[in-house]
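**Student:** To start, I am sharing the structure in question, which I have written as structure tokens.
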Amino acid sequence: MDSFRIQGGKRLAGTIQIEGSKNATLPLMAAALCTDGEITLRNVPCLSDITNMARLLRELGVDIEGDCGTVKMRVVDHNRVHARYDIVKTMRASICTLGPLVARRRRAVISMPGGCAFGSRPIDLHLRGMEALGAKIDLEDGDIIVTAPEGLKGTTIFLGGPSGSTVLGTANIMCAAALAKGRTIIECAACEPEVVDLAVLLNKMGARIQGAGGPRLVIDGVESLGSADHTVIPDRIVAGTYAVAAAITNGDVFLEEFPYDGMLAAIDRFNQIGVHIEMISGQDDPMHAKVRVTSERTLKPTTITTQPHPGFPTDLQAQFMTLLCLANGNSIITEKIYPERFMHVAELSRMGAKISREGPTCVVAGGTPLRGAPVMASDLRASASLVLAGLMAEGVTEVSRIYHLDRGYTKMEEQLNALGASIERVKEATHTPAGELIPVALEA
Ligand code: EPU
């Protein structure tokens, strides 16, 4: 398993172009199951999660050309409906094949995804939505079997849960409803930019979806969907992570393809903290802006509560926690989406951070300098927060289990080193005593 060795204290300067969004790409790829036509996706990031999704789709009868950049997909076999446990367990986003499979093949067998590193992640809302569209749900040998022999039928569905909307749940039900008979209304739909991107692709394929980006979707089902060519939106979480990297090193960094319009809650917090995100260009196309990130000498503490979009994203919580270790005073961070998503707290504490946790809330006492230490990554965004901590810490930080990072950031070390960071990837094969390679499990 690779690790990063980071020499801290380097000021970052230069330009990064933000890659395509992982969390947009995964459901966009699954949407290829909704048609016999060719789906071309552009700006697909080079990540292990994308490779895993391609592997799953190939097993489900999709012919795929290209691994990243431009990816072309076309269904060649309609008979395969089983998303197996050994793929689903590596990537929970496998669940977004459910809606497309049932809509087109009238049956899906999906291994029940387990919990992940940051707590239980149920799929009850996905199933409730499919049931409302007329599907029957059974559980057998750890597989969820979803069938709709007569096809799906439009209806009104409330898709809210205890934490509000569901991103992949909305994606699933939107794909299924696009091919259901009649009109479906989804109330409490997720408003995330990635859901909007999926609606844009489906509409290019011939779907009739209105209201994407708001909490009420109106979907008039069509008989079939066709080919489309689509460019994936830039990744707002990668953009936010690199903006934190600039701020935490008191740097001066330009970010191109910055999805400004999808990041207003994060930008609001940056402003509060004393980090300036100045729009250089892109006023006419604010999902593809160019910004300059600089920060004040002394950062201010703030409060952050994670919420569904357009609130502050849970996927940036860990990175902001690292940033707030630098602020001059106490900050409060409350995690409302995944109340257990705090694995980074213990690791940051190993580096000298003063963070106390009470249930879903952490108090970050800023102003204590961090010191390099060996730390272990436990999920994708926690890993990012540890790399950020390493950038600003005194001395050397070793972050192990970097495979988590490779799921969501393309060659992060190369991107940051180009700005002046000093990060070395230390390659290490993991062997059992018998010399076999241990397969790496990816949880989140
Ligand atoms: N929830 C339910 N029931 C469900 C589904 C969700 O109670 O059936 C709850 C969850 O437990 C959570 C909340 O609803 O409390 C929101 O979960 P959501 O379904 O929106 O999460 P997701 O769609 O499984 C996506 C991202 C996650 C991101 C969340 C929240 C992808 C592939 N994953 O997951 O991204 O944290 O939305 O924004 O799009 C990441 O990239 O690091 C990551 C974990």
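Taken together, the values in this text are just the output of simple stated rules run on the coordinates, not laboratory data. Predicted model only: the values in this text are computed from it and were never measured. Using ideal geometry, Cβ is built from the backbone for each residue, glycine included, and neighbour counts are taken over all protein chains shown.
**Student:** Tell me, what HN-Hα J-couplings in whole Hz come from the Karplus equation 6.51 cos²θ - 1.76 cosθ + 1.60 at θ = phi - 60° for each residue of segment 386-398, using x for Gly and Pro?
**Tutor:** 6, 5, 4, 4, x, 5, 9, 6, 6, x, 9, 10, 10
**Student:** Quick one: net charge around LEU386, please, counting Lys, Arg +1 and Asp, Glu -1 for every other residue with C-beta under 12 Å from its C-beta.
**Tutor:** 0
**Student:** Please give the length that would be gained between LYS354 and ASP36 if that part of the chain were fully extended, namely 0.36 nm times their separation in residues minus their C-alpha to C-alpha distance (nm, one decimal).
**Tutor:** In short, 109.0 nm is gained.
**Student:** Taking a temperature of 25 °C and a viscosity of 0.890 mPa s, what whole-number D in µm²/s does Stokes-Einstein yield for segment 304-361 with Rh from Kirkwood over alpha carbon pairs?
**Tutor:** Value of D from the Cα-based Kirkwood radius: 210 µm²/s.
**Student:** Among DSSP bridges having both ends in the chain, what percentage is antiparallel? Round to the nearest 5.
**Tutor:** 70 percent
**Student:** Work out from phi, with θ = phi - 60° and the Karplus expression 6.51 cos²θ - 1.76 cosθ + 1.60, the ³J(HN,Hα) of each residue of segment 105-110, listed in order in whole Hz, and give x for Gly and Pro.
**Tutor:** 10, 6, 7, 9, 10, 10
**Student:** Hey, can you grab everything whose amide H is under 5 Å from the amide H of GLN307? Only 5+ residues off in sequence or another chain; H modelled, so Pro and N-termini drop out.
**Tutor:** PHE312, THR314
**Student:** For PHE158 and GLN17 in the same chain, what is the full-extension length gain: residue separation times 0.36 nm, less their Cα-Cα distance, in nm?
**Tutor:** Details: separation 141, 0.36 × 141 = 50.76 nm, distance 3.82 nm.
Working it through step by step, the gained length comes to 46.9 nm.
**Student:** Rounded to the nearest 5, what % of DSSP beta bridges with both residues in segment 1-139 are antiparallel?
**Tutor:** Details: 9 of 11 bridges.
Beta bridges within segment 1-139, antiparallel portion: roughly 80 percent.
**Student:** Moving on. Taking 37 °C and 0.692 mPa s as the conditions, I'd like the Stokes-Einstein D for the chain in µm²/s, using the Kirkwood hydrodynamic radius from alpha carbon pairs. Walk me through the numbers before you get to the answer.
**Tutor:** Numbers: Rh = 22.2 Å.
Roughly 148 µm²/s, to the nearest whole number.
**Student:** Now for a separate question. Give me a comma-separated list of calculated 3J(HN,Hα) values for segment 39-54, in order, Karplus coefficients 6.51, -1.76, 1.60 applied at θ = phi - 60°, integers in Hz, x for any Gly or Pro.
**Tutor:** 10, 10, 10, 10, 6, 7, x, 8, 9, 5, 5, 5, 4, 5, 5, 4
**Student:** Next question. Quick check: Cα centre of segment 22-85 to Cα centre of segment 255-292, how many Å?
**Tutor:** Taking the Cα centre of segment 255-292 as reference, the centre of segment 22-85 is 31 Å away.
**Student:** Something else: Using amide H atoms built 1.01 Å from N in the peptide plane, name the residues 5+ places from SER21, or on other chains, whose amide H lies under 5 Å from its own.
**Tutor:** Those lying under 5 Å, H to H, from SER21 are ILE233, ASP235.
**Student:** Would you please state which residues of segment 306-342 a label at MET112 would reach in this model, taking the label point 7 Å out along Cα→Cβ and a backbone N cut-off of under 17 Å?
**Tutor:** Under 17 Å, as judged by backbone N against the label point of MET112, lies no residue of segment 306-342.
**Student:** Also, I was wondering about something else. Against the longest alpha carbon principal axis of the chain, how many degrees, from 0 to 90 and to the nearest 10, is the axis of helix 264-273 turned?
**Tutor:** Around 10 degrees separate the two axes.
**Student:** On to the next question. Testing the spin-label approximation: label points 7 Å from Cα along Cα→Cβ at GLU223 and THR294. State their distance in nm.
**Tutor:** Using points 7 Å along Cα→Cβ, the separation is 6.1 nm.
**Student:** What ranking do TYR85, TYR242 get, fewest neighbouring Cβ atoms within 10 angstrom at the top? Mind showing how you got there, number by number?
**Tutor:** Numbers: TYR85 17, TYR242 27.
The most exposed by this proxy come first: TYR85, TYR242.
**Student:** So who's got an amide H within less than 5 Å of the one on MET287, skipping anything under 5 residues away but keeping other chains? H placed 1.01 Å off N, in plane.
**Tutor:** Under 5 Å from the amide H of MET287: ASP261.
**Student:** Return a whole-number percent for the relative contact order of the chain, with Cα pairs under 8 Å and 6 or more residues apart as the contact set.
**Tutor:** This gives 21 percent for the chain.
**Student:** Rg and Dmax of segment 22-231, using alpha carbons, in Å: what are they?
**Tutor:** Cα radius of gyration and Dmax of segment 22-231 are 15.2, 40 Å respectively.
**Student:** Once you put a point 7 Å from the Cα of GLU140 and another 7 Å from the Cα of GLN210, both along the Cβ direction, what distance in nm separates them?
**Tutor:** 4.1 nm
**Student:** Would you mind telling me which residue in GLU140, GLU413, GLU278 has the biggest mean-square fluctuation in a Gaussian network model of the chain, where springs connect alpha carbons within a distance under 10 angstrom?
**Tutor:** Sorting by GNM fluctuation, first place goes to GLU140.
**Student:** Moving to a separate point now. Nearest-5 percent of antiparallel DSSP beta bridges in segment 22-231?
**Tutor:** Within segment 22-231, antiparallel bridges account for around 70 percent of the total.
**Student:** Taking the number of other C-beta atoms within 10 Å as the exposure measure, put SER111, SER163 in order starting with the fewest.
**Tutor:** Lowest count first: SER163, SER111.
**Student:** Taking the Cβ of each residue in ILE145, ILE233 as the centre, tally the other Cβ atoms inside 10 Å and list the residues starting with the fewest.
**Tutor:** ILE145, ILE233
**Student:** Right, next: Please work out how many pairs of lysine residues in segment 22-231 are eight or more positions apart (or on different chains) and have Cα atoms closer than 21 angstrom.
**Tutor:** Within segment 22-231, the lysine pair count is 8.
**Student:** Along Cα→Cβ, 7 Å out, is where each label goes; now give me the distance between the ones at ARG55 and SER281 in nm to one decimal.
**Tutor:** 4.0 nm
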